[in-house]
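Note sheet for the following structure.
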Amino acid sequence: MMRRIVLMVALVMVATLGWSQSDAKAKQILDEVSAKTKEIKSMSASFVFSMVNEEMDIDETNAGTIKIKGQKYCVQLPDLGVEVFSNGETIWNYMKDGNQVTISNIDDESSELMDPSSLFSIYERGFRSEFVDEKTEGGKTLYHINLFPDSDTYDVTKIEVAIDKAEMMIHSATLYSTDGNLYGILVKEMDTNAGFDDSEFVFNAANYNDVEVIDFR
């Protein structure tokens, strides 16, 4: 589940979308979003993450925050007791339940989706985009675009993206997983002028009393 969360958060925060066989309207919108997000050096945001599976009667919602600075990031989900840190080379996954942190190298991760910056190359390797419509929701005018993978590499069948027309930033997204789950994210607040010290993207064991450290490096 943690991989899905990081993928969804990354999509909304740093999505520089590449595509193939896209319609003209979708391409124009995504080009604008791409150009704007490329200019952002660092950002922070609060969001709501959801997972729904009607067949299994699952409907979960959790709030979280993310900080991003280049390839560095920190995702915190207090309701789940989960924190993920990465300095661009190493990943620390902390679980409050068990007071345990696992450490691994970026290159050792089985899924590159764990790295938000990897979305730049992920989308360049094959998502087809399709403009759906333009609607006003909650006082905001949103563009709706569907993304379809060209292969089954990422275990998704479709990603629905809503883009704020006024801000030209992604407002929300829903990922349709091949496991039958729907993973959603809604951005609540975003700060694109945030500044962070590099130490904020490294797990500091001194701040977690008696934490168990499992180092896979």
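The values are calculated or read from the model by the stated rules, or taken from the named source; none is laboratory data. Fair warning: this is a prediction, and the values are worked out from it, not measured in the lab. The protein model used for the area step is the full one, side chains on, heavy atoms only, and it has no ligands, DNA or RNA in it. Shrake-Rupley method; radii C 1.70, N 1.55, O 1.52, S 1.80 Å.
Odds and ends about this structure:
- Rolling a 1.4 Å probe over the protein chains gives F216 an accessible area of about 140 Å².
- Over all directions, the projected convex hull of the C-alpha atoms in the range 151-217 averages 8.6 nm² in area.
- Centre separation in Å (Cα based) which lies between the range 153-180 and the range 77-100: 24
- Cα-based reach from K36 at 27 Å (exclusive), listing lysines while leaving out same-chain residues under 8 positions away: K25, K27, K67, K69, K72, K135, K140, K158, K165, K188
- In the context of the full protein assembly, M51 retains an accessible surface of approximately 20 Å², using a probe radius of 1.4 Å and ignoring ligands and nucleic acids.
- Accessible surface of the range 153-217 [probe 1.4 Å, protein heavy atoms]: carbon and sulfur percent: 43
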